[in-house]
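Engineer: The structure is given below, and queries will be raised subsequently.
Nothing in this text is a laboratory measurement; each read-out follows from the coordinates by a stated rule. Predicted model, so just to flag it, every value in this text is computed and none were measured. Note: ideal-geometry Cβ built from the backbone for every residue, glycine included; neighbour counts use all protein chains shown.
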Amino acid sequence: MNMGNMMKQMQKMQKDMAKMQEDLQQRTLEVTSGGGVVRVEVNGKKEIISLEIDPQAVDPEDVEMLQDMIIAAVNEGLRKIDEMTMAEMKKLTGGLNLPPGLL
């Protein structure tokens with residue numbers, strides 16, 4: 001493969017990655033914890049879009065449990081965004097193991 005073709009392929013991959021990143025930022029994921037009493041929606045920018053807490057989860061005697069459920073839901077949402085990003089990256093790069101920071 002000559003250098004010109006390689007540069008064209010790299011430029012195309014760069015454009016495709018920028019489009020993929022833009023598309024991923026528009027996506028949202030919803031996760032729950034505590035059997036569904038805490039629901040968190042996150043977007044591809046790793047921002048929390050919404051947080052819903054079922055009133056039955058609010059126990060003034062056990063605030064720590066509610067805090068743990070919120071943390072669990074948020075962390076699961078962020079983990080799923082990372083998984084989605086890596087899956088899309090693999091599709092684009094043909095399985096090359098590029099670090100997530102390149103997105």
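Engineer: Among the residues of region 56-75, is any touching a residue at least 24 places away in the same chain (Cβ under 8 Å), in contact with a Gly (Cβ under 6 Å, 6 or more places away or on another chain) and not acidic (D, E)?
Structural biologist: So far as region 56-75 goes, yes, one or more of its residues are touching a residue at least 24 places away in the same chain (Cβ under 8 Å), in contact with a Gly (Cβ under 6 Å, 6 or more places away or on another chain) and not acidic (D, E).
Engineer: Tell me, which residue of region 36-69 that is part of a helix (DSSP H, G or I) and touching a helix residue (DSSP H, G or I) at 6+ places or on another chain (Cβ under 9 Å) is surrounded by the most Cβ atoms within 10 Å (Cβ to Cβ)?
Structural biologist: My answer is M69.
Engineer: Condition first: in contact with a helix residue (DSSP H, G or I) (Cβ under 7 Å, 6 or more places away or on another chain) and over 27 Å from E88 (Cα atoms). Can you find one or more residues in region 5-26 that meet it?
Structural biologist: No: zero hits.
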